[in-house]
Amino acid sequence: METRPPLPPFTLETAIQKVRLAEDAWNSRDPDRVIQVYTEDTVWRNRAEFPVGRTEVHGFLTRKWVRELDYRLIKEIWAFLDNKIAVRFAYEWHDDGGQWYRSYGNENWLFNEAGLMVHRHASINDLPIKATDRKFFWPLGRRPDDHASLSELGL
């Protein structure tokens, strides 16, 4: 059986680790990498889209990162219990016209015993921002360990 440690039931330490691993995967902007942490029959709610299964999630992520350019994400744990984790996040990106956005949201995650995500429920709001209001400037890819968290940035 495929596993994705850390495995539930989560402790504060392992829940924080799981959140950072998810952030790192999403910051890769690689749908092939990202879908590996979800069950084959994963169920999502992301804004007005409801992909089911890794194939649909892969298509969703591919479309997302064609539209959301120079994507940089920070996730932060909000709460956890047994096999559930709640996170808050913000990410910055721009469209092909050069308009920057900061997208804020919350996610609720449910994991199976193998540490794969079964359900992902995301609520997201997009705020147009000026390029001068950006706060996420690290090189594309993984956020450096010493970069400020959402709380430290006042977000």
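Quick check on my filter: what residues within region 86-132 are farther than 25 Å from THR39 by Cα and of a type in the set (Lys, Arg)?
Correct list: ARG102, LYS130.
Restricting to region 6-27, name every residue that is under 17 Å from the mean Cα position of the chain (by Cα) and either without any contact (Cβ under 8 Å) to a residue 40 or more places away in the chain or open to solvent by 30 Å² or more (accessible area, probe 1.4 Å) (or both). If you could, list the steps in order and put the result at the bottom.
Restricting attention to region 6-27, the residues satisfying the condition of being under 17 Å from the mean Cα position of the chain (by Cα) are 6, 14-27.
The answer is THR14, ILE16, GLN17, ARG20, LEU21, ALA25.
Can you pull out the residues in region 9-23 that are more than 15 Å from ASN83 (Cβ to Cβ) and of a type in the set (Val, Ile, Thr)?
Within region 9-23, ILE16 is the sole residue that qualifies.
With part of a strand (DSSP E or B), among the aromatic types (Phe, Trp, Tyr) and open to solvent by 10 Å² or more (accessible area, probe 1.4 Å) as the only criterion, which of TYR101, TYR91 stands out?
Checking each option against the conditions leaves just TYR101.
Please go through region 94-122 and give me each residue that is of a type in the set (S, T, N, Q) and out of contact with any Lys or Arg (no Cβ under 8 Å at 6 or more places or on another chain), ordered by number. Spell out the reasoning first.
So the first thing to find is which residues in region 94-122 are of a type in the set (S, T, N, Q), and the list is 99, 103, 106, 108, 112.
Correct list: GLN99, SER103, ASN112.
Checking ASN106 against (1) open to solvent by 20 Å² or more (accessible area, probe 1.4 Å); (2) over 14 Å from the mean Cα position of the chain (by Cα); (3) without any contact (Cβ under 8 Å) to a residue 40 or more places away in the chain, which test does it fail?
(2)
So for region 112-126 (the condition being among the aliphatic types (A, V, I, L, M), part of a loop (DSSP other than H, G, I, E, B) and either in contact (Cβ under 8 Å) with a residue 24 or more places away in the chain or surrounded by 15 or more Cβ atoms within 10 Å (Cβ to Cβ) (or both)), does at least one residue qualify? Break it down into steps so the answer makes sense when it comes.
Initially, region 112-126 is screened for residues among the aliphatic types (A, V, I, L, M), giving 114, 116-118, 122, 124.
Narrowing the set further to residues that are part of a loop (DSSP other than H, G, I, E, B) leaves 114, 116.
Among the residues that remain, those that are also either in contact (Cβ under 8 Å) with a residue 24 or more places away in the chain or surrounded by 15 or more Cβ atoms within 10 Å (Cβ to Cβ) (or both) are: 114, 116.
Among the residues of region 112-126, at least one is among the aliphatic types (A, V, I, L, M), part of a loop (DSSP other than H, G, I, E, B) and either in contact (Cβ under 8 Å) with a residue 24 or more places away in the chain or surrounded by 15 or more Cβ atoms within 10 Å (Cβ to Cβ) (or both), which makes the answer yes.
Filter region 45-67 for residues that are touching an Asp or Glu at 6+ places or on another chain (Cβ under 8 Å) and either of a type in the set (A, V, I, L, M) or surrounded by 13 or more Cβ atoms within 10 Å (Cβ to Cβ) (or both) and give the result. Break it down stepwise before answering.
Residues of region 45-67 touching an Asp or Glu at 6+ places or on another chain (Cβ under 8 Å): 52-54, 58, 60, 67.
Scanning region 45-67 gives VAL52, GLY53, ARG54, HIS58, PHE60.
Return yes when ILE35 is open to solvent by 50 Å² or more (accessible area, probe 1.4 Å), more than 30 Å from THR132 (Cβ to Cβ) and either touching a residue at least 60 places away in the same chain (Cβ under 8 Å) or of a type in the set (A, V, I, L, M, F, W, C) (or both) and no when it is not. Even if it seems obvious, please write down each step before you answer.
Details: open to solvent by 50 Å² or more (accessible area, probe 1.4 Å): no; more than 30 Å from THR132 (Cβ to Cβ): yes; either touching a residue at least 60 places away in the same chain (Cβ under 8 Å) or of a type in the set (A, V, I, L, M, F, W, C) (or both): yes.
It is false that ILE35 is open to solvent by 50 Å² or more (accessible area, probe 1.4 Å), more than 30 Å from THR132 (Cβ to Cβ) and either touching a residue at least 60 places away in the same chain (Cβ under 8 Å) or of a type in the set (A, V, I, L, M, F, W, C) (or both).
Within the set of pairs 6 or more residues apart or between chains, which connect a residue that is under 19 Å from ASP133 (Cβ atoms) inside region 75-96 to a residue that is β-branched (Val, Ile, Thr) and surrounded by 20 or more Cβ atoms within 10 Å (Cβ to Cβ) with Cβ atoms less than 8 Å apart?
What qualifies is PHE89/ILE74; ALA90/ILE74; TYR91/ILE74.
Within region 69-85, identify whether any single residue is outside any loop (DSSP other than H, G, I, E, B), buried (at least 18 other Cβ atoms within 10 Å of the Cβ) and more than 13 Å from the chain's Cα centre (by Cα), and answer yes or no.
Yes, that holds for at least one residue.
The values are calculated or read from the model by the stated rules, or taken from the named source; none is laboratory data. Everything numeric here is computed off the predicted structure, so don't read it as measured data. Note that each Cβ is placed from the backbone with ideal geometry, even for glycine, and that neighbours are counted across all protein chains shown. What goes into the accessible areas is simple: the full protein's heavy atoms, side chains included, and nothing from ligands, DNA or RNA. Shrake-Rupley method; radii C 1.70, N 1.55, O 1.52, S 1.80 Å.
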